[in-house]
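Engineer: Have a look at this one before I ask anything.
The values are calculated or read from the model by the stated rules, or taken from the named source; none is laboratory data. Since we're looking at a predicted model, the values are computed, not measured. Counting neighbours? That spans all protein chains shown, and the Cβs are built from the backbone with ideal geometry, glycine included. Just so you know, the surface numbers come from the protein's heavy atoms only, side chains and all, with ligands and any DNA or RNA stripped out. Shrake-Rupley method; radii C 1.70, N 1.55, O 1.52, S 1.80 Å.
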Amino acid sequence: MSGQVVLVLDDEEPMRRLCGRVLASMGLEPLFAGTLCEALEKLTGLERLDALVADMRLPDGCGLEAVRAARAKFPLAGVLIITAFVDGDEEAGELAALAGGADGVLLKPFAVESLEAAVKCRLDLGA
Amino acid sequence: MDFLAKILVVDDEPGMREMLAFELGQRGYEVASAANGEEAMARLRAERFQLVISDVKMPKMGGIQMLEALKKLDPGVEVIMSTGFGTIETAVGAMKKGAYDFIQKPFNLDEMAALVEKALEKTELKAVLGVYESSKAVLSSLKLEELLPLVAGLAVKVLKADDASIMLRSGSGCLEVAAAAGLSRERGNACLLPGESVAGLVAQDGEPVIINGPLKDDPRFGGLESSYAITSAIVYPLYADAGLLGVLNVNRVGRPEQFTAADLRYAAVFCSQISQAIRNAELYRRLGERLKEIQGMQAQLVRSERLAAVGQLSAGIAHEINNPLGGIMGFAEMLLKSGLSGQQREDAETILRESRRLRDIVQDLLRFGRGGMGKSEPVDLAGALESALRLAAFELRRAGIAVERSLAPGLPKVRGDGGQLQQVFLNVVMNACHAMEGGKGGRLRVLASAADGRVTLRFEDNGTGIPVENLDRIFEPFFTTKPSGKGTGLGLSVSYGIIQEHKGTIRAENVPGGGAAFVVELPAMREAGEEAV
């Protein structure tokens, strides 16, 4: 799976860096976006996307918009939502994410192994 | 039978006394006479007259002197002075000393009768007003237990009686003496059924009565014996909106003066005041109760408001904490994978462990804030209990606590969220665990039983118990007595919320001989097949 491109969208720099480290250790090529705007720009410019790892709650919008954009351009890419957005109901949040086109949801804080497993699963799905 | 006013004629001339006695007697008044001031005062001290017609010049004690003495004895009695030697000065002197009016001899009898009537009207009005005013002042008290003895005392004073009692209808319909004045204790404890004795009859018929002379001679109460020498009595019913409240008994004992129609009228004024006061006191009592209730509700409201605020905040707080926590935990994990030295490894493990603790706290908060019932499915309580004990096994073992189980076989299931209930049990067990920490011979008894459609679980420890002042607070969010870092203060309030959602109750109590017990009660599910849809 070398050279596979994964876009990490999260407004928190440490979270982006953590995901980046995990993905890189898996031999993937991580790209980063800190806002929805930035993510949409990156998606427009990209020629290949294998997976999107996106936060839901962003300063300039909802991560699901990026999911929609990614799905439109890269229908085979795996999409994983990572969120601490709970609002008292994980199930509803998860359903919303899945309805918005995500393949899976990972709740923050998550164990590194969970992220590894989830991304691997998405890539397999997308591949 | 009509009771008219009693008039005392004071004159040293027998002819004048006889003439007035006859004329006034013809007009329906009850007339007595005295030959001088001294004799008059003796009679006035012994019985009550509404009016005195007195000569001015008399041997032994003159009219003016008697007037002074009488006004001291009873300012309510009106006096008409009559004299053949009247001058303006004597008249003014008498009026100044409180005489009602002055009439010169020889007088026209019709003129005298008109004056008597006017004087009596004034007496009556004054007396009624006096009763009204004095009772109004006294009856402004709002506590029945203070009010009724005052009323009884006032009745004795105002009606010039020897004893008085107020009997009120009890819940069972009996008339019980609620307050008395001038009565011995035994008599003050009487209890009558409706229709029984005079008071009972008045309560039944609702009509006031005057009884003069021995009770057994009164045809209305044939056969009734009075237990003591009542010579005159008024029994008056007390009414309020809801009906009969009770009766007022006023008695004169062992003396000849009898109650008159005027006294009955005073009693009427008085009783309407008592009724009003009892009503007010009752309203006041109800107001007090309502107020207490409202205060209680307010406290409850403040509590639930606070809980709601915590709930609303917790989701936001959880989000804010979980994000950085994700980073901390993730990087600690990454560090652990990067081949650290022994000490570094230990440090990174500490970071990870503490982060996980933080995550658990946030989860507690979230669960607390979320409220609402999770799943609704049949839950086997014994199973949930066992898994909670399994989760706590390490802590229990570490603290050297022995667990004793006493679960009734065939415990019915309850409807709800097994995970949530398990969490409650775990919280309670961990709480007991902390309470017994450091002690020796810690023992946790878990009892489960079912009765009357409810399942009861009792967790009893032999730890330090709960200080009485904390018993009410331990279910409050963030209330903790554990040292800083040992507990979030949320476990029990989360448990409280969960049990409430399950329509159950959870309470804490101290066990005699030391230790605390948490009691969880949940509605049992009915057997399959008969469960209501």
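Engineer: Estimate for me the total accessible surface buried between chains A and B (protein heavy atoms, probe 1.4 Å, no ligands or nucleic acids), in Å² to the nearest 100.
Structural biologist: Working: alone 6360 and 27750 Å², together 32340 Å².
Looking at A and B, the buried total is near 1800 Å².
Engineer: Let me ask you something else. With heavy atoms of protein chains only and a 1.4 Å probe, what residues of region B:323-344 have at least 20 Å² less accessible area in the full set of chains than alone?
Structural biologist: B:Asn323, B:Gly326, B:Gly327, B:Met329, B:Gly330, B:Phe331, B:Glu333, B:Met334, B:Lys337
Engineer: Taking R0 as 51 Å, what FRET efficiency do you get between B:Leu340 and B:Glu386 from their Cβ-Cβ distance, rounded to the nearest 0.05? Mind dumping the intermediate values first?
Structural biologist: Values: r = 39 Å, r/R0 = 0.77.
Once the sixth-power term is evaluated, E becomes 0.85.
Engineer: Also, I was wondering about something else. Which entries in the list B:Lys60/B:Lys122; B:Lys6/B:Lys122; B:Lys57/B:Lys96; B:Lys143/B:Lys292; B:Lys375/B:Lys413; A:Lys42/A:Lys73 go over 19 Å, if you measure between the two C-alpha atoms of each?
Structural biologist: Numbers: B:Lys60/B:Lys122 30 Å; B:Lys6/B:Lys122 14 Å; B:Lys57/B:Lys96 17 Å; B:Lys143/B:Lys292 16 Å; B:Lys375/B:Lys413 14 Å; A:Lys42/A:Lys73 12 Å.
Beyond 19 Å: B:Lys60/B:Lys122.
Engineer: Another question about this same structure. Using helices alone, I'd like the mean residue ellipticity at 222 nm for chain A: each DSSP H run of four-plus residues gives -39500 (n - 2.57), total over residue count, nearest 500.
Structural biologist: Numbers: 5 runs with 59 residues, N = 127.
Value at 222 nm, helices only: -14500 deg cm²/dmol.
Engineer: Oh, and also: Contour minus end-to-end for B:Ala69 and B:Glu509, with contour as 0.36 nm per residue of separation and end-to-end as the Cα-Cα distance?
Structural biologist: Details: separation 440, 0.36 × 440 = 158.40 nm, distance 7.23 nm.
Using 0.36 nm per residue and subtracting the Cα-Cα distance, I get 151.2 nm.
Engineer: For region B:425-450 and region B:284-298, what is the separation of their C-alpha centers, rounded to whole Å?
Structural biologist: 39
Engineer: About its Cα centre, how strong a charge dipole does region A:5-122 have in debye, to the nearest 20, once Lys and Arg get +1 and Asp and Glu get -1 at the Cβ? Walk me through the intermediate numbers first.
Structural biologist: Numbers: 12 positive and 20 negative charges, 89 e Å.
The calculated dipole for region A:5-122 is roughly 420 debye.
Engineer: At B:Phe394 and B:Glu501, where each label point lies 7 Å from the Cα along Cα→Cβ, what is the point-to-point distance in nanometres?
Structural biologist: My value for the distance between the label points is 2.6 nm.
Engineer: Label B:Glu38 and B:Met19 with points 7 Å out from Cα along Cα→Cβ: what is the distance between them in nm?
Structural biologist: For the pair B:Glu38/B:Met19, the computed spacing is 2.7 nm.
Engineer: With a point put 7 Å past each Cα toward its Cβ, work out how far B:Lys292 is from B:Glu146 in nm, to one decimal.
Structural biologist: Here the modelled spin labels are 1.7 nm apart.
Engineer: Given a Förster distance of 35 angstrom, what is the FRET efficiency for A:Thr44 paired with A:Arg21, based on the Cβ-Cβ distance and rounded to 0.05? Numbers along the way, then the final one.
Structural biologist: Working: r = 26 Å, r/R0 = 0.75.
In this case the efficiency is close to 0.85.
Engineer: Next question, about the same structure. Whose amide H sits under 5 Å from the amide H of A:Asp60, counting only residues 5 or more places off or on another chain, with H placed in the peptide plane?
Structural biologist: Sorted by chain and number, the residues that satisfy this are A:Leu36.
Engineer: If you average over every viewing direction, what projected area does the convex hull of the Cα atoms of region A:5-122 give, in nm²?
Structural biologist: Working: hull surface 25.4 nm².
One quarter of the hull surface, i.e. the mean projection, equals 6.3 nm².
Engineer: On the full set of protein chains, 1.4 Å probe, figure out the accessible area of A:Cys37 and give it in Å² to the nearest 10.
Structural biologist: Rounded to the nearest 10, that gives 80 Å².
Engineer: B:Lys97 to B:Tyr284: extension gain in nm, 0.36 nm per residue of separation minus the Cα-Cα distance? Don't jump to the answer; show the numbers that get you there.
Structural biologist: Values: separation 187, 0.36 × 187 = 67.32 nm, distance 4.46 nm.
Result: 62.9 nm gained on full extension.
Engineer: Calculate, for region A:5-122, the solvent-accessible area per residue in square angstrom, rolling a 1.4 angstrom probe over the heavy atoms of the protein chains. Provide the component values of the computation, followed by the final result.
Structural biologist: Values: 4890 Å² over 118 residues.
Computed with neighbouring chains in place, this is 41 Å² per residue.
Engineer: While we're here: On the accessible surface of region A:1-59, probed at 1.4 Å, how many percent belong to carbon and sulfur atoms?
Structural biologist: On the way: 1300 of 2540 Å².
Looking at region A:1-59 in its full context, I get 51 percent from C and S.
Engineer: Can you list the aspartates and glutamates whose alpha carbon sits under 17 Å from that of B:Lys105, skipping same-chain ones fewer than 8 residues off?
Structural biologist: Within the straight-line limit of under 17 Å, B:Lys105 reaches these aspartates and glutamates: B:Asp11, B:Asp12, B:Glu13, B:Glu18, B:Glu23, B:Asp55, B:Glu89.
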